[in-house]
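The values are calculated or read from the model by the stated rules, or taken from the named source; none is laboratory data. Note that the structure is predicted; figures quoted are calculated from it, not measured. Don't worry about glycine lacking a Cβ; one is built from the backbone with ideal geometry, like all the others, and counts go over all protein chains shown.
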Amino acid sequence: MKKGFRFLAVACAMGLSCMTGAAIAAKPDPPLTVAVFGDWPYSTPLLNNAPLLLNSVNNDPEVNLVIHVGDIHSGSMPCTGAGLNPIPAGANPGWNQGVFNIFQQFKDPFVYTPGDNEWTDCHKTKESSSGYPLNELAAVRSLFFPIPGYTLGGVRKEVASQALENEGNPTDAQFVENVMWKQSNVLFVTLNVPGSNNDGLPWSGGTGQFLNEGARLQEVAERNASNLRWLDRAFKKAKNAAAVVIALQADMWDLAAVVPGGDGLNGYDEFVQALADHAVAFGRPVLLLNGDSHIYGADQPLADPTSATGLIHHTQAVPNLTRITVQGSTNTPNEWLRLAIDPSSPNAFTWQNVCYLSCP
């Protein structure tokens, strides 16, 4: 036996790490394709046309994950999740259940994060002052998150849930909707960050019947703190990841919200600053997926602190953060976002819109 092989044999016999021949190259992480949409369905016709969306997504052989970024009915539709009695005029008591049933028909794991229309805004007169926000949020959690730590969809994917991972912060256990998972060396995380200035508007109702500033302020404080802890946890888990994907509902750079009479965007300042800090420290691609403003767009909102979007939250420059706002179902063409992720690519993300209804 040659001296080199004799040493190798002895080392292996001693339990030391060894390899024969050339070094074995690490197997690259496989690419991943994700279907993303939100602000859907906004009307009965759109719900009735759900098979078109289902077929378009389910028949794509490369899609293996689906994400919905919130708003399961329009902002002028009464909320019905909490079983209202009497039922407001124009309400559909079975709406949420019908949407849930559609979600379950997607063949791949289906991840949903709540939007403002299904809970935050239920007090508004344009939603017929149809529900107390905390009751509606509880109803959404009960229906759409029945098994903490698992997704919806034809394949229930196991995920980390803040409802189960809340050491030292027992109030975080209520946030069953906040989940994270790692797939193809990419860290995915969802957070309950709704529109309407992050639930920053008083719960008025048509006659002030829902006014409860103490409860609203407590809700906002608890959720913001939990979101910050969950975001921090996500980036810690992403230490060696190729990229991070964040999904939430709010358009935190909606310029229409900062004009006189708008809802404002200051309710997101703390979260956006934390996002900026984490993204800069991470140093690799970070993608934020949101809905809320309904018109497709892609930008780098924090790349230039002197830009229109950069001046909203006044963070440092964050060149590695990309944001995509998905097309809402009230606009045509009706599209879903086909997000391709290649963890071996320096840019990680490419995407295109796929039309399924009212196509040009």
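Can you find even one residue in segment 74-97 that is touching a strand residue (DSSP E or B) at 6+ places or on another chain (Cβ under 6 Å), in contact (Cβ under 8 Å) with a residue 12 or more places away in the chain and under 23 Å from residue 247 (Cβ atoms)?
No, segment 74-97 contains no residue that is touching a strand residue (DSSP E or B) at 6+ places or on another chain (Cβ under 6 Å), in contact (Cβ under 8 Å) with a residue 12 or more places away in the chain and under 23 Å from residue 247 (Cβ atoms).
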Name the residues in segment 51-60 that are closer than 19 Å to residue 328 by Cα and either without any contact (Cβ under 8 Å) to a residue 12 or more places away in the chain or surrounded by fewer than 19 Cβ atoms within 10 Å (Cβ to Cβ) (or both), would you? 51, 52, 54, 55
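Kindly evaluate residue 133 against the criterion of being buried (at least 17 other Cβ atoms within 10 Å of the Cβ) and touching a strand residue (DSSP E or B) at 6+ places or on another chain (Cβ under 9 Å). Even if it seems obvious, please write down each step before you answer.
Working: buried (at least 17 other Cβ atoms within 10 Å of the Cβ): yes; touching a strand residue (DSSP E or B) at 6+ places or on another chain (Cβ under 9 Å): no.
So residue 133 does not fit the description; no.
For every residue, the table says whether it meets (1) modelled with pLDDT of 90 or more; (2) of a type in the set (A, V, I, L, M, F, W, C); (3) over 19 Å from the mean Cα position of the chain (by Cα); (4) surrounded by fewer than 16 Cβ atoms within 10 Å (Cβ to Cβ).
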position: 21; (1), (2), (3), (4): no, no, yes, yes
position: 37; (1), (2), (3), (4): yes, yes, no, no
position: 62; (1), (2), (3), (4): yes, no, yes, yes
position: 68; (1), (2), (3), (4): yes, no, no, no
position: 80; (1), (2), (3), (4): no, no, yes, no
position: 101; (1), (2), (3), (4): yes, no, yes, yes
The listed residue being part of a helix (DSSP H, G or I), crowded, with 18+ Cβ neighbours inside 10 Å and touching a helix residue (DSSP H, G or I) at 6+ places or on another chain (Cβ under 7 Å), out of 192, 198, 166: 198
Among the residues of segment 263-278, is any assigned to a loop (DSSP other than H, G, I, E, B) and out of contact with any helix residue (DSSP H, G or I) (no Cβ under 8 Å at 6 or more places or on another chain)? no
Restricting segment 321-334 to residues that are without any contact (Cβ under 8 Å) to a residue 60 or more places away in the chain and under 15 Å from residue 293 (Cα atoms), the residue that is nearest to the chain's Cα centre (by Cα): 331
Among the residues of segment 210-268 satisfying the criterion of being under 25 Å from residue 188 (Cα atoms) and of a type in the set (S, T, N, Q), which is surrounded by the fewest Cβ atoms within 10 Å (Cβ to Cβ)? 240
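Quick check on this structure: which one of 345, 293, 307 is within 22 Å of residue 63 (Cβ to Cβ) and either modelled with pLDDT of 95 or more or not hydrophobic (A, V, I, L, M, F, W, C) (or both)?
Numbers: 293 fails: within 22 Å of residue 63 (Cβ to Cβ); 307 fails: within 22 Å of residue 63 (Cβ to Cβ).
Criteria check complete, one pass: 345.
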Cβ-Cβ below 6 Å, separation at least six or inter-chain, first residue in segment 203-223 and closer than 24 Å to residue 88 by Cα and in contact (Cβ under 8 Å) with a residue 24 or more places away in the chain, second among the polar types (S, T, N, Q) and assigned to a loop (DSSP other than H, G, I, E, B): which pairs? 205/129; 206/129
One residue from 298, 221, 238 being at pLDDT 95 or above and in contact with a Leu (Cβ under 7 Å, 6 or more places away or on another chain): 238
Can you name the condition, by its number, that residue 76 falls short on among (1) crowded, with 16+ Cβ neighbours inside 10 Å; (2) under 21 Å from residue 330 (Cα atoms); (3) under 23 Å from the mean Cα position of the chain (by Cα)? (1)
Restricting attention to segment 300-343, the residues that are under 28 Å from residue 185 (Cα atoms) and not in a loop (DSSP other than H, G, I, E, B) number exactly 12
Could you tell me whether residue 124 is buried (at least 22 other Cβ atoms within 10 Å of the Cβ) and among the basic types (Lys, Arg)? yes
Going through segment 335-360 one residue at a time, which ones are free of Cβ contacts under 8 Å to residues at least 60 places away in the same chain and among the aliphatic types (A, V, I, L, M)? none
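The rows are residues; the columns are (1) at pLDDT 95 or above; (2) over 21 Å from residue 182 (Cα atoms); (3) in contact with a Pro (Cβ under 8 Å, 6 or more places away or on another chain); (4) not polar (S, T, N, Q).
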residue	(1), (2), (3), (4)
122	no, yes, yes, yes
128	no, yes, yes, no
133	no, yes, no, yes
136	no, yes, no, yes
143	yes, yes, no, yes
149	yes, no, no, yes
155	yes, no, yes, yes
161	yes, no, yes, no
